[in-house]
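No value in this document is a laboratory result; all are computed from the given coordinates. Computed from a predicted model, the values in this text were never measured in an experiment. Please note: Cβ atoms are built from the backbone with ideal geometry, for glycine as well, and neighbour counts cover all protein chains shown.
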């Protein structure tokens, strides 16, 4: 299963959001937010399997983030990478 994540920076933390599963996690930096999101997604998958649902393992999390919360005259930084 391939999922996507959006990364958003607020004033004091980062939020990683997986829109396909409607899961949001936060962290003090982007790596922590992504790590937490991956952990919750894995818990979601494991729980679904325990309930007898057929669900594919997560093979990749594509992160396409737009950093927000900057000054209004700045262009938001954009990046895209793949986390295995």
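Full extension from residue 40 to residue 1: what is 0.36 nm times the residue separation minus their Cα-Cα distance, to one decimal in nm?
On the way: separation 39, 0.36 × 39 = 14.04 nm, distance 1.49 nm.
Going from the current span to full extension adds 12.6 nm.
Would you please give the FRET efficiency between residue 53 and residue 12, computed as 1/(1 + (r/R0)^6) with r the Cβ-Cβ distance and R0 = 41 Å, to the nearest 0.05? Provide the component values of the computation, followed by the final result.
Values: r = 37 Å, r/R0 = 0.89.
In this case the efficiency is close to 0.65.
Over segment 1-52, what is the relative contact order in percent, taking alpha-carbon pairs closer than 8 angstrom and at least six residues apart?
Details: 68 pairs, mean separation 12.1, N = 52.
Relative contact order of segment 1-52: 23 percent.
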